[in-house]
Amino acid sequence: MSSSTWKCLAFNLCVVIAATTIYINLSSMLKNEDKAVEVATFEECPALPQIRDRPAPESHVDVVISWHCDCESIDWLSDVSPELSSAMTIILLHKIDEADLSKPECSLKIPETTLEIILVRLPNKGRETHSPFAYISNHYENLASFTMFLQAGYHWTVGNDWVQESSAQGFKSNAEVLNYFVPEVIETKPRFLPIMPMIDGQPILFVDRDTNDNKAEQDKDDPPTLKKFDASSHDVVNRVRETHRALFGTSPCSSRTFPFVPGFQFIVSKDAILARPKVVWEGIEGLAYSDCIDFGYAIERLSINLFNSTEAMVPPDRWTE
């Protein structure tokens, strides 16, 4: 499928997501419909340069970091253990526009380190959810054994200050994340591993509430590794259900909820990525690169379905049916 086709899909799916949510949540009809039409754009996805022209060494980890400006400092790279240098490659996806280059806070500041660091510049579009799919689409044939996707700025969910369970193992910096998770995946070889605090060896995941009524009753049987975001006027739950319907062919009227990794930070194995054809990742890249904000938030909530599931997907040319 051509890139011009993906541009149309990006627009159409954004409208479909918004329109179905409008149907379910009549109160936000005009606002959501107008917003979908306003933000959808028709720009093509940029190609990434190949970081290697041959397969990566066995048990290697590519750490793909989505980075904007100095508000997302990468000084923490100097605190990553030098012992990991041979085990991983850092790929900085520097998402920055021409207008940003003259801003002091957007100057290129890479700390001194023994780590292998490769810098790739991209337009500042698509939020962090675009970065994994851009990288996968452009390196499908030469993936490392494992790929970690991380935001340059510290995401609050990886710490344990917000976790009530005293046994939770969180991380105070992105350097701590790399120092823990890179050796962990090389040793245990997981198919998919969320970058989240761990409780008894299991990562914490989130779901979105359908309603904020009777929270205690809703949560009474939840394990400690499941947390919930409150329902909001954005009706995220039904937007996710509609996106899941488009990609996986299920009913948007289902009451199903989707556990997910907030921040879209995780490690995925090469085998898990190759389990889906390249055209799927290219298609999602095209959709995520659009200005369809609804799609970005929805795809964040489908990370487990996409990467850690054998759930069959609809062919990409049918996603807007």
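Pick out, in residue order, every one of the chymotrypsin sites (Phe, Trp or Tyr not before Pro) in segment 128-174 that is DSSP loop and has at most 14 other C-beta atoms within 10 Å; say none if there are none.
Working: sites: PHE133, TYR135, TYR140, PHE146, PHE149, TYR154, TRP156, TRP162, PHE171; in loops: TYR154, TRP162, PHE171.
When the chymotrypsin sites (Phe, Trp or Tyr not before Pro) of segment 128-174 are filtered for loop state and at most 14 Cβ neighbours within 10 Å, TRP162 remain.
With a 1.4 Å probe and all protein chains left in place, how much of the accessible area of segment 54-127 comes from carbon and sulfur atoms, in whole percent? About 51 percent, which is the carbon plus sulfur part of the accessible surface. Applying Stokes-Einstein at 20 °C and 1.002 mPa s to the Kirkwood radius of segment 195-243, computed over alpha-carbon pairs, gives a translational diffusion coefficient of 176 µm² s⁻¹.
Three principal axis extents describe the C-alpha atoms of segment 159-238; from largest down they are 42, 27, 23 Å.
Cross-link list LYS103/LYS228; LYS172/LYS228; LYS95/LYS278; LYS95/LYS270; LYS95/LYS172: which exceed 28 angstrom alpha carbon to alpha carbon? Beyond 28 Å between Cα atoms: LYS103/LYS228.
About the Cα centre, and with charges only on the beta carbon of Lys, Arg (+1) and Asp, Glu (-1), how big is the dipole of segment 95-208? Nearest 20 debye, please.
Once rounded to the nearest 20, the dipole reads 240 debye.
For segment 62-206, the Kirkwood estimate of hydrodynamic radius, built from reciprocal distances between every pair of different alpha carbons, is 16.2 Å.
Under the combined filter of DSSP loop state and at most 11 neighbouring Cβ atoms within 10 Å, segment 78-150 retains these GluC sites (Glu not before Pro): GLU112.
Which shape class, rounded, prolate or oblate, goes with segment 51-144 when its Cα gyration tensor gives a ≥ b ≥ c as root eigenvalues, a/c under 1.5 marks rounded, and past that a/b bigger than b/c marks prolate?
It is oblate, given that a/c is not under 1.5 and a/b is not larger than b/c.
Could you list the trypsin sites (Lys or Arg not before Pro) in segment 134-235 that lie in coil according to DSSP, counting only those with at most 13 other Cβ atoms within 10 Å of their Cβ? For trypsin sites (Lys or Arg not before Pro) across segment 134-235 that sit outside H, G, I, E and B with at most 13 neighbouring Cβ atoms in 10 Å, the list reads LYS172, LYS220.
The 3J(HN,Hα) values that the Karplus relation (6.51, -1.76, 1.60; θ = phi - 60°) gives for segment 279-290 are, in residue order, 4, 5, 5, 5, x, 5, 4, x, 5, 5, 6, 5 Hz. Gly and Pro appear as x. Computed from the C-alpha gyration tensor, the three semi-axes of the ellipsoid equivalent to segment 60-114 are 24, 12, 7 Å, from longest to shortest.
Solvent exposure of segment 140-236, expressed per residue, is 49 Å² of accessible area, with all protein chains present and a 1.4 angstrom probe. Taking the accessible area of segment 145-277, probe 1.4 Å, and keeping the other protein chains in place, the carbon and sulfur fraction comes to 48%.
The values are calculated or read from the model by the stated rules, or taken from the named source; none is laboratory data. Worth saying up front: this structure is predicted, and the values here are computed from it rather than measured. Every residue, glycine among them, receives a Cβ derived from its backbone with ideal geometry; neighbour counts consider all protein chains shown. Please note that ligands, DNA and RNA were not included when accessible areas were found on the heavy atoms of the full protein model with its side chains. Shrake-Rupley method; radii C 1.70, N 1.55, O 1.52, S 1.80 Å.
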